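Okay, structure first, notes after.
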Amino acid sequence: MRATVMHNTGDVRIENVPDSVIQKPTDAIIRVTRACICGSDLWPYNLGPAAGGQRMGHEAIGIVEEIGSDVHRVRKGQVVIMPFANSDGTCMFCEEGLPTACVHLNFFGNGGDMEGAQAEALRIPNADGTLYPLDVDADDPLMPSLLTLSDVMGTGHHAAVAARVARGHTVAVVGDGAVGLCGVIAAKRLGAEQIIIMGRHADRIALAKEFGATDVVSERDDAAVQRIMELTGGFGAHSVLECVGTEQSIATSMAIARPGGAVGRVGVPHYQVVPTADQMFFKNISVAGGPAPSRAYIAELLPDIMEGRIDPGRVFDRTVGLDGVPDGYRAMNAREALKVMVRP
């Protein structure tokens, strides 16, 4: 079968790899019908993948082709969402709604023996706890939005939940990538009154406004903080959604949160220490977040997609086959594409 393998910085190839096979009774094999390239995939693209080459991709919708003897909740032929994290669905953390802390946790496309979703097929460990069956056809028009439930819509929602977004709140979203835009959707869905998108790309800003953003801040650093203060009466935002993961973005987030406010950080952190600890302390700012428990959020978010209340699939602005994946990485890295869908 064919799959995406990253060998070095900027070196993405489509290669023939061994077919995915059942290894444990709790495994399933899915044939991938939709996958995508994530903004977090650009970190290894720019900084280097796992040693020896890395199978890429952690977001997918597929059709179950095979199941192990101990798989009971999914069946062959079902259309399923594959969240980015593998979880058993039965441990105490899964039962508490935090499958990204599962005792059997692993991340797809993260190197090692975990296969990637930018491929024709892949093995799903702990299939009963990981996969979410859908009662739709594989070519349903809602597929782009359903695909976002594997990661970016769940992650944007997690940022909003961690930042304690509530009705009437002022929310600032740091980052205009796909996760940030889904954070705008999530903030609007939870009743925020003022939603400030922080970004510089005209096409993304336009989409953010359609999703519910009320204000735009394109400045950075101190100028961005000053502008946020102007927009919030000098107090800052109740809730800040940090969707980037750099030291600059987290420092800005701390500076623009109002006293007693909260920061939900979901950008994979590329810093060792959260800056401005004294500011966090004296402003009583709460900081929460981490890898989104997307599997746990699907049941809550799915009805809004199926009934047309939200349309996060609009973050996809380019679709490629497997052969187009390397150029998809290039385009996203060059900011020529927001988020690339893959149809193997």
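Every read-out reported here was derived from the displayed coordinates using simple, explicitly stated rules and does not represent laboratory data. Predicted model only: the values in this text are computed from it and were never measured. Positions of Cβ are generated from backbone atoms using ideal geometry, with glycine treated the same way; all protein chains shown enter the neighbour counts.
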Go ahead and run the numbers for FRET between ASN16 and GLN272, Cβ-Cβ distance against an R0 of 35 Å, rounding to 0.05. 0.35
If R0 = 30 Å, then MET280 and SER218, at their Cβ-Cβ distance, give a FRET efficiency to the nearest 0.05 of 0.70
When only alpha-carbon atoms count, how far does the chain stretch along each of its three principal axes, as whole angstroms with the largest first? 59, 39, 37
Where in segment 175-269 are there trypsin sites (Lys or Arg not before Pro) that are in a DSSP coil and have at most 14 other Cβ atoms within 10 angstrom of their Cβ? ARG200, ARG220
Ranked by GNM mean-square fluctuation in the chain (Cα springs under 10 Å), the top entry among SER294, SER69, SER286 is SER69
Which of the chymotrypsin sites (Phe, Trp or Tyr not before Pro) across segment 230-320 are loop residues per DSSP, with 16 or fewer other Cβ within 10 Å? PHE235, TYR271
Report, in debye and to the nearest 20, how large the dipole of segment 153-289 comes out about its Cα centre when Lys and Arg carry +1 and Asp and Glu carry -1 on their Cβ. 380 debye
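Grab the other residues whose beta carbon is less than 14 angstrom from that of VAL17, score K and R as +1, D and E as -1, and report the net. Kindly include the intermediate steps, with their values, before the conclusion.
On the way: positive: ARG2, ARG13, ARG55, ARG123; negative: GLU15, ASP19, ASP113, GLU115, GLU120.
Neighbour charge sum, excluding VAL17 itself: -1.
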Cα-derived Rg to Rh of segment 78-194, Kirkwood definition: 1.01
Report the convex hull volume per residue for segment 153-289, counting only C-alpha atoms, in Å³. 85 Å³
Order by neighbour count: HIS158, HIS104, fewest other Cβ atoms within 10 Å first, most last. HIS104, HIS158
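Hey, what number do you get for the chain at 222 nm if only DSSP H runs of n ≥ 4 count, each worth -39500 (n - 2.57), divided across all residues, to the nearest 500? Write down the numbers at each step before the final one.
Numbers: 12 runs with 102 residues, N = 344.
Value at 222 nm, helices only: -8000 deg cm²/dmol.
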